[in-house]
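The structure's right below; bear with me while I get my questions together.
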Amino acid sequence: MPANDTDSTQKTEWRLQHFMALCGVASRRASEQIIAEGRVAVNGVTVTSPGTKVKASDTVTVDGKPITQEEQKRYVLLNKPAGYVCSLSDEKGRPIAADLLKDTYSERLYNVGRLDMFSSGLIIFTNDGNFAATLSHPSAELEKEYIVDSSTALPRNLAQDFTKGIRVDGVFYKCRDAEELNARRMRIVLIEGKNREIRRVFESREVGIKRLVRVRIGSVAMGNLAEGQFRNLTSAEVASLLRLAKYKDY
């Protein structure tokens, strides 16, 4: 757990998005969007500026419901099945990954990073704003490892080209490592993870993806966690992830 997490929760004043993250509403970045949408009120007054300062004595509501700081910090690893979206709500009515955790955890948990709807594999959920901000920060350079099964034979040199960098529609994609495991399977390690990066690279070479699975986040691997199952991260795993992400109090 973050070394100064206790100090963070015992402050008497926070930026609004930081306070929302501490309350388990969403990550700081997602909280900024919720604020901008006019869904947050402080002492009955709607606020749309993320930098607004709030005190412990203030009443903060999201969608009309009061929020308070979570006493129990949660760090949960989910093996997300394909077909679930990584969002707190979905206007199209699609299945939400967080709903797989609701029967077990009473706290509001939100995802750290994303997996697209058609991908499966590891994703972390938490109600710890500092932890989420640290792992999500661009400077973290936290490795994410994927196994990709293609519907056709892999083009020659795709792994090598992806490691050197490939430009698609003006966007530069570069993985940390890639290895062709067989004619239709590749292992890929990303550190940045732009939106649909692997899919866009494969599409640029006219290769269809049959299955895309994230099997590792930093030092935490899939192990024997079955699809749709989840478990608590150990304190050692949380500490290891923070070390790898070069923890700071953002």
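The values are calculated or read from the model by the stated rules, or taken from the named source; none is laboratory data. Quick caveat: nothing in here was measured; it's all calculated off a predicted structure. All Cβ positions, glycine included, derive from the backbone under ideal geometry; neighbour counts span all protein chains shown. The accessibility values were calculated without ligands, DNA or RNA, using every heavy atom of the protein model including side chains. Shrake-Rupley method; radii C 1.70, N 1.55, O 1.52, S 1.80 Å.
State which stretch of the chain is the longest one without any exposed GluC sites (Glu not before Pro), exposure meaning a DSSP loop state and at most 10 other Cβ atoms within 10 Å.
92-205
Let me ask something else about it. Could you quote the convex hull projected area for the stretch 132-173, Cα atoms only and averaged over all directions, in nm²?
Averaged projected hull area, Cα only: 4.7 nm².
Moving to a separate point now. Between residue 33 and residue 48, what is 0.36 nm times their sequence separation minus the Cα-Cα distance? Round to one decimal in nm.
My answer for the length gained is 4.5 nm.
Between the stretch 48-107 and the stretch 171-250, what is the separation of their alpha carbon centroids in Å?
23
What translational D, rounded to a whole number of µm²/s, comes out for the stretch 116-203 from Stokes-Einstein when the hydrodynamic radius is the Kirkwood one over Cα pairs, at 25 °C and 0.890 mPa s?
D = 173 µm²/s.
Please list the radius of gyration and Dmax for the stretch 34-116, considering alpha-carbon atoms only, with Å as the unit.
15.1, 43
Just the Kirkwood number for the stretch 162-204, please: inverse of mean 1/r across all distinct Cα pairs, in Å, one decimal.
For the stretch 162-204, inverting the mean 1/r across all distinct Cα pairs yields 10.7 Å.
If you place +1 on the Cβ of every Lys and Arg, -1 on the Cβ of every Asp and Glu, and leave all else neutral, what size is the dipole of the stretch 3-126 about its Cα centre, to the nearest 20 Debye?
It works out to roughly 160 debye.
Give me the dipole magnitude in Debye, nearest 20, for the chain about the Cα centre, with unit charges on the beta carbon: positive for Lys and Arg, negative for Asp and Glu.
Here the chain has a charge dipole of around 540 debye.
Treating cross-link reach as a plain straight distance, find the lysines whose alpha-carbon is under 29 Å from the alpha-carbon of residue 53, omitting any fewer than eight places away in the same chain.
11, 65, 73, 246, 248
Moving on. For the stretch 97-250, compute Rh as the Kirkwood radius over C-alpha pairs and then the Stokes-Einstein diffusion coefficient at 10 °C and 1.306 mPa s; write the answer in µm²/s, rounded to an integer.
Stokes-Einstein gives a translational diffusion coefficient of 96 µm²/s.
While we're looking at this one, here's another question. Of the accessible area of the stretch 160-250, with the probe set at 1.4 angstrom, what percent is carbon plus sulfur?
46
Which whole-number percentage describes the relative contact order of the chain, with Cα contacts under 8 Å and a sequence gap of 6 or more?
21
Could you give the radius of gyration (one decimal) and Dmax (whole number) of the Cα atoms in the stretch 185-250, in Å?
In Å, with Rg to one decimal and Dmax whole: 15.1, 43.
While we're looking at this one, here's another question. Please list, or write none, the aspartates and glutamates whose alpha carbon is within less than 14 Å of the alpha carbon of residue 80, excluding same-chain residues fewer than 8 places away.
Result set, ordered by chain and number: 99, 116, 227.
Counting only protein chains, not ligands or nucleic acids, how are 169, 63 ordered by accessible area (probe 1.4 Å), most first?
Largest to smallest exposure gives the sequence 169, 63.
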